[in-house]
Every structure is written in structure tokens, then in C-alpha cells.
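Right, one structure below, let's go through it.
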Amino acid sequence: MGRFLKQFGMFFVLLLAVCLIVFGIQTWNIRKQAIFKFPKDYKYLMLGHSHAECAYNDTLIADFKNIATSGESYFYTYYKLKNVLAQNDSINLVLVEFTNNQIEANMDNWIWGDKYIAKFYSKYGSFIDLRDTGLLLKHNSISVLNNFSVLQKRNLMNVINNDYNYNDDLGGYVYYVQNDLEKAIINQQETEKNKTFKNISQTNLLYLEKIVSLCKQHNKEIVFIRSPQHSKLKTRSNESEFLQIYKNKFNEVPYFDFNDFEISDAGFKDLGHLNYKGAQIISKALDSLLKLNTVKRVFLKRDKRLIVSKP
């Protein structure tokens, strides 16, 4: 019996080693072959979560590409941007959504929560380094291991089909028609009666710092941007803490602040997101700012936060 267990153990270790070698070779091949090159050249790149995803219609902004994705934390944005910048030399300005909910402790869940690992690890897991894979394993090893097989299956299909193009996975502008503002106000009253701002997601902010450093390494200008939020959105209650974090950690980064930009209720999908009507207004406003070389002027200002409240 002991001999059998010993032989079985040796077989299991050997099998595991073979699998790791195969997975390692497959990951190396994916990294080498992966295509993040856009089909055309762009000067401006937009990143962020759902606020940016539905606010900036890149058909209305010259030389502009929006690859924001709903539910994306800075952890996954960092790895996405790392690959995009490596293959798109034409980009000279990176705009990153920086808004109130991105400092809150719940953003940790956006990094290693089941839902977010399933959505983003299966896309970018092959590009995440060992240290950061360890971070995910530390906080949610079960979900990482469950989605590891999904990742490897995807990689295998890429190899079989000779398809290494990741452009369809990057995200982009989403055109929303609906206006559910009244319903959103009622839902917020029911779900956030006792919600107060308590803690900060240091991990999410760490990867925002890495994004800033990454842009510097590639000699790209970076600007933070805050999309319009409805005045009744309770997440805005952390405004003083939010602005203090910007001042303490990022005040050298220019900031286009559209938080209080004049958009009627008809332009909102809900309290935190615009629909296509609001997106048309804010997209044209951003296009005008970029054409006026506003970025260069803000770079030269001592106070780099530009508050934009009117079209």
C-alpha cells in the first residue's frame, strides 16, 4: 500500500510538472503573439469603468479611442494599458477616469471578487505577472483556480484558430437609450440609507499609481477625467476625502473635472451614468478641449484641476 501511494504521488507530481510546463509555454506563446494593435492610429486613449464607458462616444471625438469597460478596476486597467501602449505608438495622451467610487474599499472586491475574476482574469490572466497572480490567489484562490481552466481553454482555442487578436476584449463606448433616473433615485434611497464612507481601497489606488508610472515610462501624457454625475448620487458624499487623495497622491496629474457639468436629467441613464443624449454633449465638449490644446495649458498650471461646468 505504501509503495502504491509513493508511486501515485510521484505520478501526480510528474503530471503537475508537465501541466505547468505546457501552461507556461502556452502563456509565453500568447504573450508573444497577442495583438493589441488598433486597426487605425489614435492620439487619445480613454480608460476607466462604466462611467467612462457610456460617457465618451469616440465617433464624436477626433483621434480618440475609448476602451473603458464596466466593472474594471485599476488592477486590470493597468495590464490592459501595458499591452496597448506597447503596440500603439501613435497614442500621445492617456485619459483615465478618476471618480468618487474608485477610492472606496469596495473596489477591492472589483479586483478579487468572484464576478470580477470571472470577467477579467479569463481575459488578461496570461499577462498578469506572478506577483499579482499571487495577490489574487491570496484573496480568492478558489475563484482564480476555477477560472484558470477557462483561461487555458481560451488560450488553447486561440492557438488552434491562430487568433491572437484582443481588440474585441478591450471594451469601448456603449450607447444607452434608456433614462431610468427616477427609478435609480428610489433604489438608492432603499439600498443606501445607512451607507457612509469609511475606508479607502489602497490596492486600487496603488494600481492607479502604477498606471501613472507606466505612462511616464512610455513618454505618454496622462490626464485624469471625471465624468458627470447626478447631484443626487450619494457616492459623491466622499467628495472631501476624494479631493484630498487627489491632492496628496496625484496633484501633478492634470485633471479634467466634468463632475458638475450641466446636463439635464434627460441626459442621464441613472445617477452615475449618461445615456446617449448626455454622451453627445460631454463628448463634444471633450473634443473641443482637446482641439484647443487645453491639455498643454493645464500641464503648465500650478493648479492642474480644470473644473468644466458648462458646454
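Of note:
- Condition check for F258: of a type in the set (F, W, Y), under 21 Å from D63 (Cβ atoms) and either modelled with pLDDT of 90 or more or over 24 Å from the mean Cα position of the chain (by Cα) (or both): yes
- Residue in the range 54-74 that is more than 23 Å from Y176 (Cα to Cα) and not in a strand (DSSP E or B) present: yes
- Applying the criterion of being crowded, with 18+ Cβ neighbours inside 10 Å and not hydrophobic (A, V, I, L, M, F, W, C) to the residues of the range 158-178, the residue that is farthest from Y124 (Cα to Cα) is Y176.
- Among the residues making up the range 275-297, a single one is touching a helix residue (DSSP H, G or I) at 6+ places or on another chain (Cβ under 6 Å) and under 11 Å from S227 (Cα atoms): G278.
- Against the list (1) within 19 Å of T69 (Cα to Cα); (2) modelled with pLDDT under 90, the condition N162 fails is (1).
- Looking only at the range 76-93, and only at residues there that are closer than 15 Å to F120 by Cβ and without any contact (Cβ under 8 Å) to a residue 60 or more places away in the chain, the one that is nearest to the chain's Cα centre (by Cα): Y76
- Single residue of I142, I211 found to be at pLDDT 90 or above, closer than 21 Å to T69 by Cα, assigned to a helix (DSSP H, G or I) and among the β-branched types (V, I, T): I211
- Residue match in the range 172-194 (condition: within 14 Å of the chain's Cα centre (by Cα) and at pLDDT 95 or above): yes
- Total residues in the range 77-124, condition over 15 Å from F36 (Cα atoms) and among the hydroxyl-bearing types (S, T, Y): 4
- The single residue among E252, E262 that is under 30 Å from N88 (Cα atoms), open to solvent by 10 Å² or more (accessible area, probe 1.4 Å) and not in a helix (DSSP H, G or I) turns out to be E252.
- Answer residue from the range 92-118, given it is within 15 Å of L45 (Cβ to Cβ) and either of a type in the set (D, E) or out of contact with any Phe, Trp or Tyr (no Cβ under 6 Å at 6 or more places or on another chain) (or both) and is most open to solvent (accessible area, probe 1.4 Å) among those: N92
- Single condition N101 does not satisfy, out of (1) under 28 Å from F242 (Cβ atoms); (2) in contact with a Ser or Thr (Cβ under 7 Å, 6 or more places away or on another chain); (3) not in a helix (DSSP H, G or I): (3)
- Hey, S227 open to solvent by 30 Å² or more (accessible area, probe 1.4 Å), among the polar types (S, T, N, Q) and at pLDDT 95 or above or not: no
- Lone unmet requirement of (1) under 18 Å from the mean Cα position of the chain (by Cα); (2) in contact (Cβ under 8 Å) with a residue 12 or more places away in the chain; (3) outside any loop (DSSP other than H, G, I, E, B) for R236: (1)
The values are calculated or read from the model by the stated rules, or taken from the named source; none is laboratory data. The structure displayed is predicted, hence computed values, not measured ones. When we count neighbours, we look across all protein chains shown, and the Cβ atoms used for this are built from the backbone with ideal geometry, even at glycine. Calculation scope for accessible area: heavy atoms of the full protein, side chains included, ligands and nucleic acids excluded. Shrake-Rupley method; radii C 1.70, N 1.55, O 1.52, S 1.80 Å.
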